[in-house]
Amino acid sequence: MKTFCGRANPTTGAMEWLEEDENYDYHQEIARSRYADMLHDKDRNVKYYQGIRAAVSRVKERGEKAIVLDIGTGTGLLSMMAASAGADFCYAVEVFKPMANAAVKIVEKNGFRDKIKVINKHSTEVTVGPDGDMQCRANILVTELFDTELIGEGALPTYEHAHKYLVQEGCEAVPHRATVYVQLVESKRMWSWNKLFPVHVEAEDGEKVIVSPSEMENCPGVPSVCDIQLNQMPSSDFTILSDVVTMFSVDFSKPVRSASTYYRVQLEPVKSGKAQIVLSWWDIDMDPSGTINCTMAPYWVKSTSAFQWRDHWMQCVYFLPNEEPVLQGEKVYLTACRDEYSLWYKLQKARGEEENKADVRVESPVCRCQAHLLWNRPRFGELNDRNRTRQYIKSLMKVLKTDSVCLSISDGSLLPVLAHYLGAKQVKYYLQYAAFFFFQFFKANHLEDKIKIIEARPELLTSSHLEDKKISVLVGEPFFTTSLLPWHNLYFWYARTAVTSHLTSSVTVLPQSASLHMMIVEFQDLWRIRSPCGTCEGFDVQTMDDMIKNSLNFRESKEAEPHPLWEYPCKSLSDPREVLTFDFRKTVPQHCLSTEGSVNLSRKGKSHGAVLWMEYHLAADISVSTGLMQISNEKGNCEWNPHCKQAVYFFSSVIESETLSDLPSAVTYAINFNTKTGEIAMDFKL
Ligand code: SAH
């Protein structure tokens, strides 16, 4: 069946009706899923297997039959482990239909048809009884329902329900327990993802400072978790203020309560500094004694030998509502509040314990300043990036004249303020949304009558919006919140085209052009998320591999996917290559832009894929890159823009060149930008 979905095209801005196959969403889900990553997570799999074997043994030793409930079975992996370990019967519950179907196939292929029953339901819908989904309650509860924040995928309500209705009292649970750890740190880098730092502008008439509205000062921000590969954060980017402490534990073998609550610990700072950030991760004990432990602890906490790369579980960064000076040795209280699905933190000075307790309120944080709704964490980081701002200031100074009439087109941008301070006579700020925030922001900077906000789509811009003025300088970062892939910001070009009639004949457009760049890389680890697994702990999971492959090929042309590569180390195997350019001084052409060529592989390694990114040429000799910053050594290690996601196109087969002479030393490519649809299609041959 086909359905029609309406959406604004992220690149062209056009409203379009897409005829979507009803399977599209689920193919996306499978293709972009974490199942492959989980199957590659050897450390996780081995420990689950050990924990399950131990639990089955404990039940058998008691002379009971081992009846397993596996909630969220996915590929059926944990149920197959249980059956192999001697469980008498397994109920494997999976809510996502394509996965439940896959589990049935995988279970059958591995010969467990009479031991494992796959139930395609949400666990809270499962019935127990002679006519129910389960004949009786289980005495072993196996699950893997955790996200980086532990509880974000609904583990708590699922456990709460399971203990009430699906498992016996005193059941065994694998994992047996989870523990959340925290560490207090000061970090300018991470704090810059949460607050707007003052922006200093050297203007002709003295230094100007752009400040944020006072509402931002104590704003608790948004409750969505900030999960990152903390192992990619160099220790020079933060200062540890406390030891690692246990925040709370959950025993999964006992009834679990999911209702909102809080936990509190006392910390004694090991160093004086500004408490800004709570870093957090968890571990799970697969058995009651805690001898089988799987931990997400970052590099400075655990020994490197225990290291397992994974993307489905990372570490969390929590921002305190405001920075709080702490003194070495002077105790403070850290409170973790949680609801069913998320966590947030507060820090209090150690006054009377009772006094502090009275302060605890567990409502989830709500952004009061609006900025956290407008700017996500990487965007805050980008706006706080002084080097980047300097490039924009330098180029604005080159193009602005005292009589410039300037129009800015970019979401949540500070460019209009920079343009005003750098001397533009009039500044218009075209905005699709968030006007309310900008009214406040301009007020805080006494700019409310200096910069005019226009709330109209570019194609609906009229000369009355512009007070009958023609635009002499059109500026953009460009940045749009609807952009997922780097080239989606080419929306600036389409907006520029739509407002052409309002531009002077000698208009200056900043950036004057953009270019798309490409490089072949070998990933240290990221390849795992898209690589077939074959067998997992001795179980044949090829059905899952085939399913992922099928979903990846569902669209005629494979798609690139966005990843923030500062979190995913890779080395370059080819030189970076500029493949397409987009001239913003002209309107978007009718014809497609395409290119073909080949790049030489100049380093040995595995060609996992191509990385693509945009560079913006702001003015003569001034460019900013949203991708590669530099190749940092002769090994080819890459340094990426830390605020942007780059596009990764994974090759369907990996070519390994051990020595430079023995192999295809080049990759040929064909890249086509369809100016009508705004889409980039690409094809690579190894
Ligand atoms: N157990 C597998 C897969 C884990 S991923 C493994 O360890 O490899 C978690 C799976 O649980 C997902 O497929 C998700 O669809 C499913 N799921 C999450 N909550 C569920 C619930 N309450 N009931 C049924 N399935 C659930």
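Brief remarks on what is shown
- Globularity index of segment 385-510, i.e. its alpha-carbon radius of gyration over 2.2 N^0.38 Å: 0.98
- Using the 1.4 Å probe convention, the accessible area of segment 34-144 works out to 39 Å² per residue with neighbouring protein chains retained.
- When you restrict to C-alpha pairs under 8 Å that are six or more residues apart and normalise by the size of the chain, the relative contact order lands at 13 percent.
- Relative contact order (%) - segment 6-82, alpha-carbon pairs under 8 angstrom, separation at least six: 19
- Net dipole in debye of segment 402-541 [+1 Lys, Arg Cβ; -1 Asp, Glu Cβ; about Cα centre; nearest 20]: 520
- D243-T677 FRET efficiency (beta carbon distance; Förster radius 56 Å; 0.05 resolution): 0.55
- Gain in span if fully extended, F197 to D131, counting 0.36 nm per residue against the direct Cα distance: 17.5 nm
- Rolling a 1.4 Å probe over the protein heavy atoms of the chain, with every protein chain left in place, gives an accessible area that is 49 percent carbon and sulfur.
- Between the helical axis of 97-109 and the longest alpha-carbon principal axis of the chain there is an angle of about 40 degrees.
- With R₀ set to 45 Å, the beta-carbon distance separating S501 from S598 gives a calculated FRET efficiency near 0.60.
- Burial order of peptide ranges 665-673, 82-90, 43-51 (average beta-carbon count within 10 Å, highest first): 82-90, 43-51, 665-673
- DSSP-loop GluC sites (Glu not before Pro) across segment 471-573, with at most 13 other Cβ within 10 angstrom: E556
- Filter on K394/K428; K208/K346; K271/K443; K398/K676 - keep pairs with C-alpha separation over 29 Å: K208/K346; K271/K443; K398/K676
- Loop-located trypsin sites (Lys or Arg not before Pro) in segment 519-591, at most 16 other Cβ atoms within 10 Å (DSSP): R555, R585, K586
- Segment 464-487 versus segment 619-633: alpha-carbon centroid distance in Å: 22
- Spatial separation of Cα centroids for segment 363-435 and segment 189-231, in angstrom: 13
- Ligands, DNA and RNA are left out, and with a 1.4 angstrom probe the accessible area of segment 385-429 is 36 Å² per residue.
- The charge dipole of the chain, taken about its Cα centre with unit charges on the Cβ atoms of Lys, Arg (+1), Asp and Glu (-1) only, comes to about 720 debye.
- Applying D = kT/(6 pi eta Rh) to segment 484-593, where Rh is the Kirkwood radius over alpha-carbon pairs, T corresponds to 37 °C and eta to 0.692 mPa s, the Stokes-Einstein value obtained is 183 µm²/s.
- A dipole drawn for the chain from +1 and -1 charges on Cβ atoms has a positive end, and of V541, I471, W613 the residue lying farthest that way is I471.
- Pairwise centroid distance, computed over Cα atoms, of segment 240-312 with segment 60-116, Å: 30
- Stokes-Einstein D (µm²/s) once Rh is taken as the Kirkwood radius of segment 176-309 over alpha-carbon pairs, at 37 °C in 0.692 mPa s: 182
- Sequence-separation-based contact order of segment 34-144, relative, with Cα cut under 8 Å and 6+ spacing, percent: 28
- If you wrap the tightest convex hull around every Cα atom of segment 513-685 and split its volume per residue, you get 136 Å³.
- Contour minus Cα-Cα distance for L460 and K394 (0.36 nm per residue): 20.6 nm
- If the convex hull is drawn through the Cα atoms of segment 43-95, its volume per residue in Å³: 60
- Just so you know, the Rg over Rh for the chain is 0.99, from Cα atoms, with Rh as the Kirkwood radius.
- Zone residues, segment 220-235, relative to V46, backbone N less than 11 Å from point 7 Å out along Cα-to-Cβ: none
- The helix-only estimate of mean residue ellipticity at 222 nm for the chain, built from DSSP H runs of length n ≥ 4 each weighted as -39500 (n - 2.57), is -5500 deg cm²/dmol after division by the residue total.
- Rolling a 1.4 Å probe over the heavy atoms of the protein chains gives segment 513-685 an accessible area of 44 Å² per residue.
- Accessible surface of Y299, taken over heavy atoms with a 1.4 Å probe and every protein chain present, rounds to 80 Å².
The values are calculated or read from the model by the stated rules, or taken from the named source; none is laboratory data. Keep in mind it's a predicted model, so treat the numbers as computed, not measured. Heads up, the Cβs are rebuilt from the backbone with ideal geometry, glycines too, and the neighbour counts pull from every protein chain shown. All accessible areas refer to the heavy atoms of the entire protein, side chains included, with ligands and DNA or RNA removed. Shrake-Rupley method; radii C 1.70, N 1.55, O 1.52, S 1.80 Å.
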